[in-house]
Structures are given as C-alpha cells and as structure tokens.
Amino acid sequence: MEIKMVNLTKIFTSKNRKEVRAVDHVDLVIPTGKLIGLLGPSGCGKSTTLYLIAGLLRQTEGQIYFGNDEVSEMPPEQRGIGLVFQNYALYPHMTVRENILFPLQNLKVPKEDAKKQTYDMAKLVGLEELLDRKPKELSGGQQQRVAIARALVKKPRVLLLDEPLSNLDARLRLQTREEIKRIQRETGITTVFVTHDQEEAMSISDEIVVMKDGIIQQMGQPQDVYDHPNNLFVAKFLGNPQINVFDGEIVDGKVLIDGMAFAETKLPNQKIIAGIRPEGFVVDKTKKSPFKFEIDLVETIGRDTTLIIEVTAEESTLLDKKTFKAIVDAEFRIKPKDVVHFIIKSEKIHLFDLDGKLL
C-alpha cells in the first residue's frame, strides 16, 4: 500500500496564541511494501507526521492517500492501520494469546479462524511457545513482539511504529530491530518507523526521511544519504562519530583548510564550511603530508581506532580550539602523544556555504 502526503501541514497553537508548525508542507511518497524510517531530533515533527498518517491528529492543511483512497478525514479505525507505541500498551491481565486475539474478537472474526490467525501471527514473531504467558512474564523484547503481532493480526494496510525500541536495553534493541525487519519482509506490509536513533534507522530502513523543524531535509537509501548529504544539518546528524566541521575557503580552484589544499573544485572563490567524515582521514605512512597533529586520546574497538585530536591556537589558525576525530585501522597502533600525518580522501569532503547549504 503506497502512502502519499501532499502539502501536509500541522499547526499547533499555544496558550499565548503562538503558532508552532510541527509539520510544514510535507510532500512525501512512501512506496508499497517498503520500511521507511522517519528520523530526526526531538521536536522535528516525525511523531506528529506518524499520528497524522494514523488519524490520531487532524492535519491543518494537505491530504493523505493510502493507494488511490484519500484518508485525510477518516477516523483511525477506518484507515486500516496497525499502530505500535513505545510503551507496548499490552493488557496485563491477558495472556499473549488473548492480547493478539483481542482485535479479531472486535472484528467478529469466526472463533476457529481467529484462533488459527492468532497462532500463525505468534509463530511469525517467534512467540508460539509463549502464548499462555502474561506480559509480566515476558522480556521487553518479547512484549514488543506481542504488540507487533497484535497490530498485524488484523491485516492492516500499513504498519506504524512510534519509537518501538526506545524502552529496550542495547542488546534487546539490536535483536528486536532485526526481528522487525524480518517480520516486515515476510509480510510485505508498508511500514513507517519513527526513531531519533540514526543507527537504528539506517540499519532497519529501506529508505530514511531526515526531518528538522517539521520539514523534510532529505530522503533516500541510508548509505546514499550518509555519503551525499543535502545540507550541513543532515551531514552532522548522521554519523557516529559525528562529521568533522572546519572553516575553509576556495581559492583559485583549490579547497583550503588552514591554508593547506585538500581538494580541487570548479566552484568560485568563497568562504566555505568543509565537512570531513572521521573515516575520511588516512594515515600518511610517508609522513610527508603537512596535515599533522598530536593525538590526545585513542579509543580502539575491534578493527577501528578513533583518534581524538585537540587543536590549539599554536598549531592552527582556521582550526582554532577545535576538536576533531579520525577513524583509522587499529593496525597502526597509534598512542596518545604520537604525531600523525594525514591524507584526506577527497570523496569524504563535503562542501557547504556559510548557511549550511550544499555547494
């Protein structure tokens, strides 16, 4: 089921009559059968967008379509949605079986059919052996899977997930997001997944939609958005460690940072902001590169080493009092106080104007 939003806007009015545009003229098409992650910081409008799709909020302007059907004015129960909140909202006095069965009873599904559908859905989410347990006897991840099964058993047209993993610990988050992806692929249901966790969104989503101040900043496949950010906000929001941001300039076709040329460009002379991903730094074994710094801190995890460099005024001008991070292979065995020469991968340099727009 394709979901289409046209000029979708939601304005809230505060007590002092001030208007807040939580969602601001959003035009978005969510393809049939895809899992789309709405991603952004708190207050960016992602959950409001989800609630507008669900019908829990009414739009101020615009239309919402499920396929060819406009659902903008339909109540939630008529839209054919499955909705899962972060707090699960399971009935504590009911067993897993009864929780999953409940929507089918409301729909007056024949008893034997409902029992079979309940078992099939429990099996899909890996809970067929726990059907007689109460929610309090389940782990957080298992409870979340019950909530997903309950949402899916009524065969909704779309599945909406509002930060469904935020209450889980790190290990369970990893396990449960893999389960959500598996379930979505097996059912083929169009799914919208809201999260502020970039790693979560990038690992689970077919495409991500990055939002800020109610406005879509960029939509695309996760790796493409990471590699080719539309603006400085997207570049800074995606990536851990965060992208390094330097003041720079373009002079006669060369990109200069701290007076040193790192790339060539056809852009005109101007002041710029240069973003360099931490993995864009390459250790220069020849030690000929002029871009060299003393390492302040080393963090090694697996094959990767994160080097944290504090740049002082004596070492630099444009990098005055900046901290930046470089990720290199652990084989280099770099230690604090080592002086390291770097080469910059040109494809990892992103150039923005002083307003943060991609050049």
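Could you go through the range 176-185 and let me know if any residue there is out of contact with any Lys or Arg (no Cβ under 9 Å at 6 or more places or on another chain) and assigned to a strand (DSSP E or B). No; the residues of the range 176-185 include none that is out of contact with any Lys or Arg (no Cβ under 9 Å at 6 or more places or on another chain) and assigned to a strand (DSSP E or B). From the list T190, T195, the lone residue that is in contact with an Asp or Glu (Cβ under 9 Å, 6 or more places away or on another chain), crowded, with 20+ Cβ neighbours inside 10 Å, under 23 Å from E77 (Cα atoms) and at pLDDT 90 or above is T190.
For the range 345-356, residues that are more than 21 Å from the chain's Cα centre (by Cα) and part of a strand (DSSP E or B) total 3. With the condition kept exactly as written, say whether any residue in the range 253-263 is surrounded by fewer than 18 Cβ atoms within 10 Å (Cβ to Cβ) and β-branched (V, I, T). Looking for residues that are surrounded by fewer than 18 Cβ atoms within 10 Å (Cβ to Cβ) and β-branched (V, I, T), one finds none in the range 253-263, hence no.
Name the single residue, out of those in the range 148-175 being in a helix (DSSP H, G or I) and at pLDDT below 90, that is surrounded by the fewest Cβ atoms within 10 Å (Cβ to Cβ). Checking each candidate, the answer is A170. For the range 51-68, filtered to residues that are of a type outside the set (V, I, T) and touching a Gly at 6+ places or on another chain (Cβ under 9 Å), the residue that is farthest from V153 (Cα to Cα) is L52.
Okay, residues lined up against (1) polar (S, T, N, Q); (2) farther than 15 Å from P135 by Cβ; (3) surrounded by 14 or more Cβ atoms within 10 Å (Cβ to Cβ); (4) touching a residue at least 60 places away in the same chain (Cβ under 8 Å):
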position	(1), (2), (3), (4)
G80	no, yes, yes, yes
T95	yes, no, yes, no
E98	no, no, yes, no
D113	no, yes, no, no
K116	no, yes, no, no
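The values are calculated or read from the model by the stated rules, or taken from the named source; none is laboratory data. The structure displayed is predicted, hence computed values, not measured ones. A quick note on method: Cβ atoms are made from the backbone with ideal geometry, for glycine too, and the neighbour counts reach across all protein chains shown.
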